[in-house]
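Working notes, beginning with the structure itself.
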Amino acid sequence: MTGLAGYSAVITGASRGIGAAVATALAEAGAKVTLAARSEDKVIDVAKSLEASGHEAFYFPCDVTDPLRVLDLVRAAREAMGRIDILVNNAGTASSSPLGRIPLIEWQRIMDVNATGTFLCTQAVWGGMTDQCWGRVVNVASIAGLRGGKYISAYTAAKHAVVGFTRAMAAEAVGSGITVNAVCPGYVDTPLTDETISRVMHHTGKSREESLNSVLEEASQARLIHMSEVTREIVRLCNAGSDAPNGELVVIDGSDSE
Ligand code: NAD
């Protein structure tokens with residue numbers, strides 16, 4: 001597949017999970033990719049394995065909550081790839097606790113990584129995309145950005161912010177050649193979900209299988225979603241055609257057939 005040949009993409013939180021899978025899918029679609037993650041120890045392996053498969057892949061350590069580091073990322077990605085056509089705001093983090101047990105610092109951390117990081121990265125690429133009259137921004141929100149769930153108030157609020165930001169930027173993008181969309185997955189089979197299941201096991205004493213089932217039941221989800229179901233939608237939203245969607249919130253909840 002070479003639908004994105006000649007295009008250049010930045011993917012945040014690309015050291016593992018959905019971010020690493022998106023970087024791989026965009027590279028396989030023909031794009032040059034710059035992978036960002038907080039530290040270089042894991043992201044370097046993902047970038048090197050893409051390079052070994054013949055793709056143009058770069059990496060840059062960047063905490064998306066650090067405004068200066070985000071500007072450095074954008075500068076480095078432009079230097080490496082020539083321009084930035086695609087931004088996938090994937091970096092995110094989650095935690096779960098009843099309201100009374102969420103310290104302010106934890107609320108702020110969840111808001112900063114998921115919501116403020118998305119704002120900072122989008123703002124940093126926006127001018128360049130506007131000048132080149134072309135850009136694709138895809139935000140990795142969550143089903144938690146569209147509805148509420150027990151014990152995940154900070155994450156739910158942060159992902160609602162990502163969805164609201166997506167809607168507002170899609171409106172701002174009209175006529176510019178830029179599109180802004182979001183994917184809203186339910187629980188995906190990734191290390192982040194593994195950590196959620198481990199927390200349930202720790203707090204309830206349930207087995208891994210029972211904990212997974214209770215997480216899925218609480219989310220009204222029949223099964224875990226495969227990463228490929230998410231990456232497929234992200235690649236579609238990065239579509240180079242003039243008919244590319246704008247302002248779409250793509251729900252991926254496993255309710256359709258696999
Ligand atoms: P993950 O924990 O496996 O990966 C998250 C990535 O983000 C990692 O590479 C991590 O290093 C990076 N990251 C975290 N904080 C960062 C920061 N401050 N700066 C830069 N990078 C940072 O998670 P995942 O499951 O692959 O999730 C990826 C995205 O998908 C997140 O935004 C998450 O909220 C969202 N999401 C995940 C699920 C799920 O079930 N796993 C469901 C819906 C949405």
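Near Cys184, the amide H atoms lying under 5 Å from its own belong to Val250, Val251, Ile252; only residues 5 or more places off or on other chains count, and H is placed 1.01 Å from N. Return the FRET efficiency for the residue pair Glu217, Asn239: r is the Cβ-Cβ distance, R0 is 41 Å, and the value is rounded to the nearest 0.05. Using R0 = 41 Å, I get an efficiency of 0.70. In whole Å, what is the distance between the alpha-carbon centres of the range 140-167 and the range 191-258? With the range 140-167 and the range 191-258 each reduced to a Cα centre, they are spaced 14 Å.
Counted residue by residue at 0.36 nm each, then reduced by the alpha carbon distance between them, the extension gain from Asp66 to Arg16 reaches 16.0 nm.
For the chain, adding -39500 (n - 2.57) for each run of n ≥ 4 DSSP H residues and dividing by the number of residues yields -15000 deg cm²/dmol at 222 nm. Met201 exposes around 60 Å² of accessible area when a 1.4 Å probe is run over every protein chain in place. If we count every other residue with Cβ under 15 angstrom of Pro98's Cβ, Lys/Arg +1 and Asp/Glu -1, where does the sum land? Around Pro98, the charge tally is +1. Modelled spin-label separation between Leu104 and Arg208, with each label point placed 7 Å from Cα along the Cα-to-Cβ direction: 4.0 nm. The angle between the Cα long axis of helix 40-52 and the longest principal axis of the Cα atoms of the chain comes to about 50 degrees, rounded to the nearest 10. Here the accessible area of the chain is 53 percent carbon and sulfur, with a 1.4 angstrom probe and all protein chains present. For Lys42, a cut-off of 22 angstrom between C-alpha atoms picks up these lysines, skipping any fewer than 8 places away in its own chain: Lys32. Note on the range 73-116 and the range 27-53: Cα centroid distance 18 Å, given to the nearest whole angstrom. Seen against the Cα atoms of the chain and their longest principal axis, helix 227-237 is set at about 40 degrees.
Taking θ as phi - 60° and the Karplus parameters 6.51, -1.76 and 1.60, the scalar couplings of the range 96-102 work out to 9, 6, x, 3, x, 10, 9 Hz in sequence order, x denoting glycine and proline.
Extending 7 Å from Cα along the Cβ direction at Thr93 and again at Ser176 yields two label points whose distance is 2.9 nm. Whole-Hz Karplus values for the range 109-115 come out as 5, 5, 5, 5, 5, 6, 8 Hz, taken residue by residue from phi with 6.51 cos²θ - 1.76 cosθ + 1.60 and θ = phi - 60°; glycine and proline positions read x. Between Asp45 and His226, the FRET efficiency estimated from the beta carbon spacing at R0 = 25 angstrom works out to 0.70.
The values are calculated or read from the model by the stated rules, or taken from the named source; none is laboratory data. Just so we're clear, the structure is a prediction, and the values are computed from it rather than from any experiment. Virtual Cβ from ideal backbone geometry, glycine too; neighbours counted across all protein chains shown. Remember, those area values only see protein heavy atoms, side chains included, never the ligands or the DNA or RNA. Shrake-Rupley method; radii C 1.70, N 1.55, O 1.52, S 1.80 Å.
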